[in-house]
Amino acid sequence: MSDRIFNFSAGPAVLPEPVLRRAQDALWNVAGSGIGIMEHSHRGKVFDRIHDEAERACRDLAGIPDSYDVLFLQGGASLQFSMVPMNLLPAERTADYLVTGVWAQKAIKEAKLVGKTHVAATGESTHFDRIPRGEEIHWSERPAYAHLTTNNTIYGTQWRTEPAVPAGVPLVADTSSDMYSRPIDIAKYGLIYAGAQKNLGPSGVTLVIIRKDLIGAGPTTLPTMLQYRTHAAERSLYNTPPTFGIFAMGEVFQWIQSEGGLQGMAQRNEAKAKRLYDYLDASEFFRGTAQPDSRSLMNVCFRAPTEDLEEKFIKEATKRGLDGLKGHRSAGGMRASIYNACPPAAVDALVAFMQEFETANRSAAVAAR
């Protein structure tokens, strides 16, 4: 019997089992070198090959043009909240932000420390339960860049397509929780960043894809480590990189390719999300929190009739091997994070438990009304 349970954590999150197996071996002896991946010099030939393979696999998945650099950095998406405006926001310009949740709020908070910002749209009035509609977006005059968070883990909403931005304005995206979960047209973006720990690998490494003409846009007076040009010129090796994280991310890229690439991931993720949302829509006990046209394929947020029942549900689910279902503290309720590596069997097990719990607790819900 397997000692593994189903992990619905929002991040760090579930990783593909084949990747975990290869990582397990690589910790002891990577690529037949007789040395574990965490022991190898980042300047040696073995890691150089691992680094190159990770970048090549990343590029191949989305057809990243040569006009973009792929960087493997540290500091998470949270550091990018600062690096983006430091490098792309001149003193005389304004940065526009689409505020669709907590992480977008954190991003604009950091940008305000650097320069002028403008909220082009916000979902705060509806408690971030949907993505802004086109007519609700109002750009400033000649923004330096437009920033969005493609998927909102806390509220379970997701942009279906990129918003139309003014001509010539770079689109910057935090894709931490849905990167490579579906096809993406890199050419529509000036810069993309993603913390690895939700869909791409373990915590500790951040993927940055940046158009080359933007690399040198930042002032040279910035601290060296905060300049994109530093990391681009040194191929992410200016300082010691997160070697294990880069190895694992490369393995995840190869796993995605083996599962049908981004189109295969999209079909897999749509099927998993549909299974959960179909049940929620039919249930008279549970309810989804995001508006249907904005529902995330990555994070399914839902509520039970009372907070007591929610607490009971989470405890009983954990005992049944369904872990990580507690919603974010700012939103409450439950959240099932069903990223790329979440197997369909996990969703089937969750729905079966939800059905069982609903049947057993229906009378308590009626009494609470």
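Each value in this text was obtained by applying a stated rule to the coordinates, not by laboratory testing. None of the values given here were measured: they were computed from a predicted structure. Glycine gets a Cβ as well: all are built from the backbone with ideal geometry, and neighbour counts include every protein chain shown.
For the chain, what does -39500 (n - 2.57) per DSSP helix run (n ≥ 4), summed and divided by total residues, give at 222 nm, in deg cm²/dmol to the nearest 500?
Mean residue ellipticity at 222 nm (helix-derived): -12000 deg cm²/dmol.
Would you work out the charge dipole size for the stretch 60-130 about its Cα centre, treating the Cβ of every Lys and Arg as +1 and the Cβ of every Asp and Glu as -1, and quote it to the nearest 20 debye?
So the dipole magnitude of the stretch 60-130 works out to roughly 360 debye.
Report, in debye and to the nearest 20, how large the dipole of the chain comes out about its Cα centre when Lys and Arg carry +1 and Asp and Glu carry -1 on their Cβ.
Magnitude of the dipole: close to 300 debye.
What are the extents of the Cα atoms of the chain along their three principal axes, listed from largest to smallest and rounded to whole Å?
Extents along the principal axes, in whole Å: 66, 58, 31.
For the chain, give me the percentage of DSSP beta bridges that are antiparallel, rounded to the nearest 5 percent.
Here the share of antiparallel DSSP bridges comes out near 55 percent.
Suppose a student asked you for the relative contact order of the chain, using Cα pairs under 8 Å spaced at least 6 residues apart; what percent would you report?
Value for the chain: 22 percent.
Mean-square fluctuation check for the chain, GNM, Cα pairs under 10 Å: which of Gly115, Gly245, Gly32 is largest?
Most flexible of the set in this elastic network: Gly32.
For the stretch 171-210 and the stretch 17-65, what is the separation of their C-alpha centers, rounded to whole Å?
So the two Cα centres are separated by 19 Å.
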